[in-house]
Amino acid sequence: MTVSVIGTGYLGATHAAAMAELGFDVIGVDTDEQKIKSLANGDLPFYEPGLPELLRKHIASGRLTFTTELETAAEAADVHFVAVGTPQRAGDTGADLTYVDAAVAGLTRLIKRDALIIGKSTVPVGTARRLQAMVKELSAPGLSIDLAWNPEFLREGFAVEDTLRPDRLVFGVDSPAAEELLRTIYADAISRNTPVITTDFETSELVKTAANAFLATKISFINAISEITETVGGSISTLADALGHDVRIGRRFLNAGVGFGGGCLPKDIRALQARVSELGLDRTMRFLTEMDEINLRRRDRAVFLADELLDNDVVGKRIAVLGAAFKPESDDVRDSPSLDIAARLFNQGAEVFIYDPKANANAAKRFPRLGFADSTEEAVQGADLVLLLTEWPEFKALGPSDLAGLVKSRKIIDGRNVLDWQEWEAAGWTTRTLGRKSVD
Ligand code: UDX
């Protein structure tokens, strides 16, 4: 079977390579010529562990090709995955569906045989139903073009693993034929007893947004509790460990710190609120505004602590920022808490030097005036203050003596609760941790 994947960003590029790995002939399509050129050469335009190898393997096997021509995909494939972006709309909080609409409409106009279009993009509830009507209207007479929604739950940094071995499969369908085809496509995962949830369009769309809203809420919940421990004392990590032993709660996504960022969680909680407001349910998701605010307040807190440690005299101070990506194992700086904090300190007059193992280039594109270093040692050289804001393993492994001879002042802020601050304090450092009461 030949499948196409429309949109070759994180989601689409990973999905295309994974489908080739599963034995399908795959055509990846994107409007971005540069991206297609580099993918066709086996160069991944972003960092994702394991993906370059998979990409190259299947370019070599001949099962994976790339094109900017939607027509090529329409002609060759029976199944089309739509994996284009749904970013936040400019000037408002709703999702921008321009790319999804354009992909589905463009494809439908070009398809000349029966086909299944499978939406993978994260969309506001009601989108699939609307697209189904659009497909019906635009398809050539006599053709049967079916639509299904099959949300993707992949995490950056684990994209290959999450795609090849998903923890569940959600099929939003409106016909038994669509379900049957989806079961054929995902036969490998299904044979390994991956749970399959077959449902309607609305549920499938909502599963994805609800999952991301829940995860964002979980992070903001622990960060709200961390505002209490910052005031009364106590250890937010110990508290999270104790909560996590309750299997109904679980320990994951309870790491307090500078909060969530990235291309999904922030935009998805805003898009969900925007959508339910359109539906007349203004109050229903209002708490997500609070979750958003708690999350953003963490960044204020990090800036506040930096100001405090520099005696409210940030101008001209040299600040080392460890980490620019929104999380480790990624070079993605979209809505990255660390980059936001770095830029704010720069705007207050500090000299900021960032080191991220993978995200320096992307961070520099966004904030070219910040300083960038090629190693932790270079970043912290002569620093008046160090901020650890993305928990890459090499930063977690740092000990006080690694940096002591390099910095100007032994001051560090742990924005991710990953350092043993007592050990650092014992070695003569002044430390601050997000979620810990400040005492000197
Ligand atoms: C998320 C969802 O996890 C994934 O299922 C969905 O498909 C896309 O959105 P991703 O954006 O890759 O994936 O990142 P994720 O691992 O969820 O982390 C999001 C943010 O939350 C990061 O900035 C991370 O640092 C932060 N985070 C995560 C915390 O602050 N604390 C935690 O305990 C966990």
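Out of segment 166-182, which residues are assigned to a helix (DSSP H, G or I) and within 11 Å of Ala148 (Cβ to Cβ)?
Ala177, Ala178, Glu179, Glu180, Leu181, Leu182 - these are the residues of segment 166-182 that are assigned to a helix (DSSP H, G or I) and within 11 Å of Ala148 (Cβ to Cβ).
Quick one: which of Gly262, Gly257 is within 15 Å of the ligand (Cβ to nearest atom), under 16 Å from Asn212 (Cβ atoms) and either of a type in the set (A, V, I, L, M, F, W, C) or under 22 Å from the mean Cα position of the chain (by Cα) (or both)?
Every option except Gly262 fails the conditions.
Which one is surrounded by the most Cβ atoms within 10 Å (Cβ to Cβ) among residues in segment 399-413 that are touching a Ser or Thr at 6+ places or on another chain (Cβ under 9 Å) and in contact (Cβ under 8 Å) with a residue 40 or more places away in the chain?
Ile413
Grab the helices (runs of 4 or more DSSP H) fully contained in segment 1-66, keeping just those with 2 or more residues being free of Cβ contacts under 8 Å to residues at least 40 places away in the same chain.
Where helices (runs of 4 or more DSSP H) fall fully within segment 1-66 and carry at least 2 residues being free of Cβ contacts under 8 Å to residues at least 40 places away in the same chain, they are 33-40, 51-60.
Considering Arg270, Arg275, Arg283, Arg248, which residue is more than 11 Å from the ligand (Cβ to nearest atom), part of a helix (DSSP H, G or I) and over 21 Å from Ser338 (Cα atoms)?
Going through Arg270, Arg275, Arg283, Arg248 in turn, just one is more than 11 Å from the ligand (Cβ to nearest atom), part of a helix (DSSP H, G or I) and over 21 Å from Ser338 (Cα atoms): Arg275.
Have a look at Val100, Val79 and point out the one that is surrounded by 18 or more Cβ atoms within 10 Å (Cβ to Cβ), farther than 16 Å from Cys264 by Cβ and hydrophobic (A, V, I, L, M, F, W, C).
The unique qualifying residue is Val79.
Have a look at Gly172, Gly233, Gly261 and point out the one that is touching a Phe, Trp or Tyr at 6+ places or on another chain (Cβ under 8 Å), of a type outside the set (Lys, Arg) and under 23 Å from Leu389 (Cα atoms).
Gly261
Filter segment 330-355 down to residues that are of a type in the set (Asp, Glu) and more than 9 Å from the ligand (Cβ to nearest atom) and give me whichever is surrounded by the fewest Cβ atoms within 10 Å (Cβ to Cβ).
Glu351
Regarding Leu310, is this residue closer than 23 Å to Ser438 by Cα, touching a residue at least 12 places away in the same chain (Cβ under 8 Å) and within 23 Å of the chain's Cα centre (by Cα)?
Considered against the rule, which asks whether it is closer than 23 Å to Ser438 by Cα, touching a residue at least 12 places away in the same chain (Cβ under 8 Å) and within 23 Å of the chain's Cα centre (by Cα), Leu310 comes out as no.
Looking at Thr238, Thr231, which one is in a helix (DSSP H, G or I), more than 19 Å from Leu154 (Cα to Cα) and either free of Cβ contacts under 8 Å to residues at least 60 places away in the same chain or acidic (Asp, Glu) (or both)?
Thr238
Of all residues being surrounded by fewer than 21 Cβ atoms within 10 Å (Cβ to Cβ) and not hydrophobic (A, V, I, L, M, F, W, C) in segment 213-228, which is farthest from Glu156 (Cα to Cα)? Just the residue, please.
Glu227
Criterion first (surrounded by 15 or more Cβ atoms within 10 Å (Cβ to Cβ), under 28 Å from Val276 (Cβ atoms) and within 16 Å of the ligand (Cβ to nearest atom)) does Phe201 satisfy it?
The answer is no for Phe201.
Mind checking whether some residue in segment 427-438 is more than 19 Å from Phe304 (Cα to Cα) and either surrounded by 14 or more Cβ atoms within 10 Å (Cβ to Cβ) or of a type outside the set (Lys, Arg) (or both)?
Yes, segment 427-438 has at least one match.
No lab work stands behind these numbers, since they all come straight from the coordinates. In this text the structure is predicted, and so the values were computed from the model without any measurement. In this analysis, Cβ positions are derived from the backbone assuming ideal geometry, glycine residues included, and neighbour counts consider all displayed protein chains.
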